[in-house]
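Notes follow once the structure below has been shown.
Laboratory data are not the source of any read-out in this text; all were calculated from the coordinates shown. None of the values given here were measured: they were computed from a predicted structure. FYI the Cβ positions are ideal-geometry reconstructions off the backbone, even for glycines, and counts take in every protein chain you see.
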Amino acid sequence: MKVNTKYNTKESLLELYNKPLLELVFEAATVHREFHNPRELQMSSLLSIKTGGCPEDCGYCPQAARYHTDVEAHKLMSVESVLEQAKNAKANGSSRLCMGAAWREVRDNKDFDSVVEMVQGVNDLDMEVCCTLGMLNEDQAKRLKNAGLFAYNHNLDSSKEFYKDVISTREYENRLDTIENARKAGISVCSGGIIGMGEAIEDRVGLLISYMEMENPPESIPINALVAVEGTPLEDQKPIEQWEMIRMVATTRVAFPESVVRLSAGRTKMSMEAQALCFMGGASSIFAGDKLLTTPNPDFNADKEMFDILGLIPKESFQDGEKPVTHPDEKIIARKKKEAQRAEELAMAKAKPKNGDFEPRKVSVTN
Ligand code: SF4
């Protein structure tokens, strides 16, 4: 059951969201136990492979170039250092790596070739690879799929109505198109939202309605609490109550019984008890590591302690879908062949005497 038909209208979802909290958590826990192992929690790592300097204007994001925040822009990381970080994350218990680049959209250039190589390398480490790179066309989605991409993340953030209060540089429809392109390429979809941006409860439920309207709702739904960063338009937004996060997680769990609900940004403001209620109410993944792209997150040791106290076990990779097969990338092969040819030509040109070069005449000297 991908969508819970009992709650497929705005009214019924609102009723669910507003239930007495413990009843809502109980209902969510019941659904969760039917479709998932309630003791398993996936540890995922989120790595910013290209930071800052983004031309978009997402009101919550410190990576937008137009806002004056502490985030320093960095160019794309090298394939080697990403693979190094992936190995570290795996050694610390992560079974999924999400790589984020602060781009408006993917461009067909050398940087994208590098991302394709990163995907190949991380998939070879037996980790689920997820990317969040901005807008994506069908061909680019196919290349990522071919490289071994497990999931593509593209959040709708909020309801269609509230979205334009937060972002003006691209439309809700553009986001839906990107999700559709990933879907067409056979990539699993990760898409969720942020609460605490000043939206109404109707907008939180409206986000879930947008997913219900899809032919296939996302396999993975991250729920984030806004981390208000100084310098962004949402810097003064009051932090949400922990109960709101629990309600949103539990409502999402009930509405999409098969999807993985991810308790994402905002955990540093939550007590372990509140997080426990989220896990009971259907969250089965957290992001591990002390940074979520550019904002703080609990460190590995604090999470390990939480696992012990709550009796949780880390979820292995590929429990929710087969490991993708990595195929060679024709474009990278062609580019590397061209580069090798060019290097050879240059070397030959260097070795060959040029016009006007003086070649000394051989003389034999006799006494
Ligand atoms: S959320 Fe993504 S697209 Fe929006 S400003 Fe930040 S990096 Fe750019």
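Listed values, structure above:
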{"read-out": "Whole-Hz couplings from phi, Karplus 6.51/-1.76/1.60, listed for segment 102-112; x for Gly and Pro", "value": "7, 10, 5, 8, 7, 10, 7, 9, 4, 4, 5"}
{"read-out": "Centroid-to-centroid separation of segment 27-75 and segment 173-244 [C-alpha atoms, Å]", "value": "10"}
{"read-out": "The chain: Cys lacking any partner C-beta under 4.7 angstrom", "value": "Cys54, Cys131, Cys190, Cys278"}
{"read-out": "Segment 5-328: C-alpha pair distances exceeding 28 Å, %", "value": "35"}
{"read-out": "Intensity falloff of segment 159-215 expressed as log10 I(q)/I(0), Debye formula with alpha-carbon point scatterers, at q = 0.17, 0.26, 0.30 Å⁻¹", "value": "-0.59, -1.17, -1.34"}
{"read-out": "Residue exposure sequence - Phe112, Phe26 - by fewest surrounding Cβ within 10 Å", "value": "Phe26, Phe112"}
{"read-out": "Charge dipole (debye, nearest 20) of the chain; +1 at Cβ of Lys and Arg, -1 at Cβ of Asp and Glu", "value": "1440"}
{"read-out": "DSSP beta bridges in the chain [antiparallel fraction, %, rounded to 5]", "value": "10"}
{"read-out": "Square roots of 5 times each gyration tensor eigenvalue, C-alpha, segment 185-258, largest first, Å", "value": "24, 14, 11"}
{"read-out": "Relative contact order [Cα under 8 Å, 6+ residues apart], segment 5-328, whole percent", "value": "25"}
{"read-out": "For segment 245-289 versus segment 87-111, the gap between their alpha-carbon centres in whole angstrom", "value": "22"}
{"read-out": "Exposure proxy ranking, count of Cβ atoms within 10 Å, fewest first, for Lys164, Lys315, Lys142", "value": "Lys164, Lys142, Lys315"}
{"read-out": "Mean separation of Cα contacts under 8 Å, 6 or more apart, over the residue count of segment 1-123: relative contact order %", "value": "25"}
{"read-out": "Potential extension, Thr9-Glu258 segment - 0.36 nm per residue separation minus Cα distance", "value": "87.8 nm"}
{"read-out": "Relative contact order (%) - segment 1-71, alpha-carbon pairs under 8 angstrom, separation at least six", "value": "13"}
{"read-out": "Helix 21-35 vs. the chain, principal-axis angle (Cα, 0 to 90°, nearest 10)", "value": "50"}
{"read-out": "Net charge dipole size for segment 63-215 [Lys, Arg +1 and Asp, Glu -1 on Cβ; Debye, nearest 20]", "value": "240"}
{"read-out": "Across Lys10/Lys160; Lys50/Lys331; Lys142/Lys315; Lys90/Lys315; Lys2/Lys142, pairs whose alpha-carbon gap is larger than 18 Å", "value": "Lys50/Lys331; Lys142/Lys315; Lys2/Lys142"}
{"read-out": "Convex hull projection area averaged over all views, segment 27-150, Cα basis, nm²", "value": "9.8"}
{"read-out": "Label-point separation, Asn216 to Ser81 (7 Å along Cα→Cβ), nm", "value": "3.6"}
